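The values are calculated or read from the model by the stated rules, or taken from the named source; none is laboratory data. Because the structure is a prediction, the values reported are computed rather than measured. Cβ placement follows ideal geometry from the backbone for every residue including glycine, while neighbour counts extend to all protein chains displayed. Only protein heavy atoms, including side chains, enter the accessible area calculation; ligands, DNA and RNA are left aside. Shrake-Rupley method; radii C 1.70, N 1.55, O 1.52, S 1.80 Å.
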Amino acid sequence: DYIRQEQESRNLVLDYALGVSILGLIPISGLLTLKLLLTIGLIFKMSRDIGKKWQFAKGQDILAIAGHLFGLLGSFAMAFMAWLTFLTMGLFLPYVGSFKMAAALFTLTWMLGQTTNQFYASSRKRLTKRKD
């Protein structure tokens, strides 16, 4: 049950990350604000859906909470690194630079989703161990 639930959550995160990265591929200029607002909305919905999958499990210890906060910060750092990597590759390879926004949004959504998934799953692991 736990493994199936974790796999479903991971697949949910992948679906959201692919959907958000498609937003980054839209080639119309002047839509950056709209893309970012839609991304924020989808990330909040993804986090809520992950919480619903885990039934908003409570009981995380202080390390799980700190890990979740550092995971959130790391998500933004990694998204920036993905954007910077594609920007740099675009200097040497034609057309690769146009994927920088999609790569950054995918990385951000994927990492935020995985962080949230692990946060809720950590409580479920503790509850399962206590029942044994």
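Residues that are closer than 14 Å to Gln114 by Cα and touching a residue at least 60 places away in the same chain (Cβ under 8 Å) are absent from region 30-42 altogether.
Does region 64-77 contain any residue that is open to solvent by less than 90 Å² (accessible area, probe 1.4 Å) and more than 16 Å from Gln114 (Cα to Cα)? Looking through region 64-77, none of the residues is open to solvent by less than 90 Å² (accessible area, probe 1.4 Å) and more than 16 Å from Gln114 (Cα to Cα).
For region 7-39, a residue qualifies if it is open to solvent by 60 Å² or more (accessible area, probe 1.4 Å) and within 11 Å of the chain's Cα centre (by Cα), and the qualifying residues are Arg10, Leu14, Asp15, Leu18. The set of residues from region 55-85 being of a type in the set (Gly, Ala, Ser) and touching a residue at least 12 places away in the same chain (Cβ under 8 Å) comprises Ala57, Gly59, Ala64, Gly67, Gly71, Gly74, Ser75, Ala79, Ala82. Pairs are defined by a Cβ separation below 9 Å, a sequence spacing of at least 6 or placement on different chains, a first member in region 99-124 that is without any contact (Cβ under 8 Å) to a residue 24 or more places away in the chain, and a second member that is small (Gly, Ala, Ser) and not in a helix (DSSP H, G or I); no pair meets this definition. All of Phe92, Phe99, Phe80, Phe106 fail the test of being at pLDDT 90 or above, open to solvent by 70 Å² or more (accessible area, probe 1.4 Å) and under 19 Å from Gly19 (Cβ atoms), apart from Phe99.
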